[in-house]
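Accompanying notes for the structure given below.
The values are calculated or read from the model by the stated rules, or taken from the named source; none is laboratory data. The model shown is predicted, which means the values in this text are computed figures rather than measured ones. Neighbour counts run over all protein chains shown; Cβ positions are idealised from the backbone, glycine included. Accessible surface areas use protein heavy atoms only, side chains included; no ligands, DNA or RNA. Shrake-Rupley method; radii C 1.70, N 1.55, O 1.52, S 1.80 Å.
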Amino acid sequence: MPARLSPVERIRAEIDELFASKQDLGQVLEEVARLSVRLVMQAAVEAEVSEFLGRDRYARGDRERAGYRNGHAELTVKTTAGPVVLARPKLRGTDQPFTSRLLGKGVSRTNALEALVLSGFVRGLSVRDVEAALAEALGPEAALSKSTVSRVCEAIKTEFDAWTRRDLGGIELEYLFLDGSHFRMHPGARAEPVLCAWGLTTQGSPVLVGLAPGASEGHDPWASFLEDLVDRGLRAPLLVITDGAAGLIGAVEVVFATSLRQRCLVHRARNLLAKVPTHAQAEVKAAFWQIFDDITADPGDQAVAQARSRAHAFADRYQGRYPAAVACLLDTLPELTCFLRFPREHWARIRHTNLIERTFGETRRRVKVIGRLPGERSCLSLVWAVLDRASRGWRGVVMTPAGVRLLQELRRQLHHPPGLQEEVVDQTVTPAA
């Protein structure tokens with residue numbers, strides 16, 4: 001790690017390294033939560049120093065105040081999440097001593113980190129809320145000034161706003177995953193969904209594509225969300241992976257009419273098992289997954305035919321005992337087997353939406369103690385903060401030469417079929433007079 005990195009940059013690098021590791025996602029998020037507390041406090045202290053000196057780190061030009069930074073000294077602060085080690089800035093040549101309003105003099109215990117995180121991320125990054133929370137935690141004398149709070153909050157807000165408005169024309173997706181998760185964010189209202197889109201690019205890399213609030217998971221909110229992504233340049237993927245929500249399915253069929261759609265196998269397994277007595281669920285669950293696991297046929301029609309044959313054997317076995325479960329399987333079989341038309345090395349990743357659902361679960365668990373999130377913007381900020389960091393640790397897929405050729409052929413068939421090309425030519429060529 002370069003020696004000239006600031007303490008804040010070093011903490012960010014630690015967070016990135018965690019998400020790049022192969023640790024369990026739950027353990028990673030727990031550690032990231034602790035580092036995030038340290039990150040926010042460190043950023044606040046550095047912002048205080050910049051305000052005191054009148055310039056940022058390494059900035060040149062007119063100096064509003066005499067003095068300069070001269071390294072850091074370690075300081076351990078006790079929080080309710082455990083001890084947090086900060087790098088306290090040391091100053092030289094100043095005409096008056098610098099005292100941190102956040103840390104005060106001789107402060108050894110504070111819950112300012114939790115207060116700042118909750119106020120900053122959960123309460124919508126409001127300057128007034130951050131001031132109030134810190135004043136409550138540390139006393140009025142220890143609270144940050146408005147300008148310092150504004151620096152900390154504005155940096156995060158600017159990053160989030162830029163992300164929501166960025167151009168998506170440079171993102172070329174093979175696979176697009178869509179899912180929603182419900183949070184309470186409006187007074188007197190039930191939990192409402194946050195709509196999420198993420199994907200795997202033509203290089204096999206994961207990317208978080210978009211987030212938006214929705215009054216429901218009906219057709220109109222999903223269609224509006226997807227149309228906004230398209231308006232910002234997102235191109236149609238080859239495959240869209242969703243759960244079975246009718247509104248979502250309808251929106252995908254309209255906005256991405258030329259894309260194939262895979263129904264999440266995990267969600268469908270839950271639907272099927274809900275129609276089976278508890279004592280038989282383990283047996284039926286194993287039989288369900290045997291339909292789709294260890295397919296030996298080549299990707300495409302042959303693999304789909306092998307899975308279909310297994311599905312009919314499942315139906316023959318359980319039709320007499322669990323007809324509703326069998327119908328649940330057969331009614332959506334084409335949507336459940338669509339992933340088998342793609343490269344074999346991608347099958348395990350593109351047949352469900354479990355990755356984003358698991359991360360959503362971590363987010364819900366973290367805000368459960370808060371109850372209702374005070375506002376739509378604050379909810380989106382928190383969800384984005386978690387998903388943006390988590391997405392950097394998501395694994396992509398391997399793009400082999402054979403796999404790339406198969407994807408290119410599928411793209412030609414879906415998005416550039418010969419009949420469509422001829423029709424375009426007929427519409428654009430003007431007959432000679």
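Average accessible surface for the stretch 221-366: 43 Å² per residue, computed with a 1.4 Å probe over protein heavy atoms with every protein chain in place.
Residue by residue, the stretch 396-413 carries 3J(HN,Hα) couplings of x, 10, 7, 9, 7, x, 5, x, 5, 4, 5, 5, 5, 5, 4, 5, 4, 5 Hz when phi is fed to the Karplus relation 6.51 cos²θ - 1.76 cosθ + 1.60 (θ = phi - 60°); x denotes Gly or Pro. Each peptide in 332-345, 403-416 was scored by the mean count of other Cβ atoms within 10 Å over its residues; highest first, the order is 332-345, 403-416. Full extension of the chain segment joining residue 163 with residue 232 gains 23.7 nm, where the gain is 0.36 nm per residue of separation less the Cα-Cα distance. An ellipsoid equivalent to the stretch 224-312, defined through the eigenvalues of its Cα gyration tensor, has semi-axes of 31, 19, 9 Å when rounded to whole angstrom and sorted largest first. Legend: calculated FRET efficiency, residue 404 to residue 96, from the Cβ-Cβ distance at R0 = 56 Å, rounded to 0.05, equals 0.30. Summing Lys, Arg as +1 and Asp, Glu as -1, what charge do residues with Cβ under 14 Å from the Cβ of residue 166 carry, residue 166 excluded? Cβ neighbours under 14 Å give a net charge of -4.
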